[in-house]
1. Show me the strands (runs of 3 or more DSSP E) entirely contained within the stretch 1-94 in which 3 or more residues are open to solvent by 70 Å² or more (accessible area, probe 1.4 Å), at pLDDT 90 or above and not charged (D, E, K, R).
2. How many of the residues making up the stretch 120-174 are open to solvent by 60 Å² or more (accessible area, probe 1.4 Å) and under 29 Å from residue 26 (Cβ atoms)?
3. Here are some conditions: (1) within 24 Å of residue 66 (Cβ to Cβ); (2) in a loop (DSSP other than H, G, I, E, B); (3) in contact (Cβ under 8 Å) with a residue 40 or more places away in the chain. Residue 124 meets all but one. Which one does it not meet?
4. Scan the stretch 80-90 and give yes if some residue there is more than 21 Å from the chain's Cα centre (by Cα) and under 30 Å from residue 32 (Cβ atoms), otherwise no.
5. So residue 109 fits all but one of (1) closer than 19 Å to residue 7 by Cβ; (2) at pLDDT 95 or above; (3) over 21 Å from the mean Cα position of the chain (by Cα); what number is the exception?
6. Looking only at residues that are part of a loop (DSSP other than H, G, I, E, B) and without any contact (Cβ under 8 Å) to a residue 40 or more places away in the chain in the stretch 95-108, which one is least open to solvent (accessible area, probe 1.4 Å)?
7. If I filter the stretch 73-96 down to residues being touching a helix residue (DSSP H, G or I) at 6+ places or on another chain (Cβ under 8 Å) and β-branched (Val, Ile, Thr), which single residue comes out as farthest from residue 140 (Cα to Cα)?
8. Which members of the stretch 87-134 meet the condition of being among the hydroxyl-bearing types (Ser, Thr, Tyr) and under 25 Å from residue 171 (Cα atoms)?
Amino acid sequence: MVVYRQDSSLPATPSQELPDSFFDVTVEDVQKMHHDHKKQLRQLSEGSLMTAAMRQAQQDRKADLYAKTVIRVQFPDQWVLQGCFRPRESLKALVKFIRENLAVPQLKFHLYTTPPKEILRSGKMTFAEAGFLPAAIVHLGTESLRWPLLSEECLGHAQSAWRAEVVQAEARERQSFATKPAVSESTGRSDPRKRKTVAASAAEPRQSAPADSTSRSTTGKVPKWFKTGK
């Protein structure tokens, strides 16, 4: 767990939750969606549309690839709570993690992602199914007027935003190391066991090939045209 201020230069006062109008679709959003739509149509024409089974298989591969996912929960008062979860854990684990660090565990709140604003309603969904791999940012919304939302014990472990970046980088590095093969083909280095086998085979004495029966005479006969000197 890592907790830090999103911007240490800002006062520790709550900010108003942005209205829904803030998340309205803009012209740039329309252009991007149009571009994505054309890309999807091109993929469909090429026969690359994935079925539900294929999408599930893709999610399973990602879940196997990443041992942990880093989730950052941004609070309205500029505090950020960061934690690591297993890809196949449900979002209920995130809700439990948040409540364990709240000043009032019974606080009513909701979680959402942006843009566009989408409230996370299904607690049964896993982090892999939500697309929260290898990391994601989730926002917390509430109508509570009690500040700060996080408990004093949690805030007592506050660190810098730089430390949160280090923790996230270390998590990715461990995952990259865990998935790296023992011997990389791109490095050109051979397996020590293979080198040992080759050395052992090279040390074995070579057996000379049997002499060709046609290269020597086994009968002792002399050609008729050959005459010995008297």
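1. none
2. Looking only at that region, the number is 5.
3. (3)
4. Within the stretch 80-90, one or more residues are more than 21 Å from the chain's Cα centre (by Cα) and under 30 Å from residue 32 (Cβ atoms).
5. (1)
6. Going through the qualifying residues, I end up with 105.
7. The extreme case among them is 80.
8. Of everything in the stretch 87-134, those that are among the hydroxyl-bearing types (Ser, Thr, Tyr) and under 25 Å from residue 171 (Cα atoms) turn out to be 90, 112, 113, 114, 126.
The values are calculated or read from the model by the stated rules, or taken from the named source; none is laboratory data. This is a predicted model, so every value here is computed, not measured. Neighbour counts run over all protein chains shown; Cβ positions are idealised from the backbone, glycine included. When the accessible area is computed, the model is the full protein with side chains, heavy atoms only, and any ligands, DNA or RNA have been set aside. Shrake-Rupley method; radii C 1.70, N 1.55, O 1.52, S 1.80 Å.
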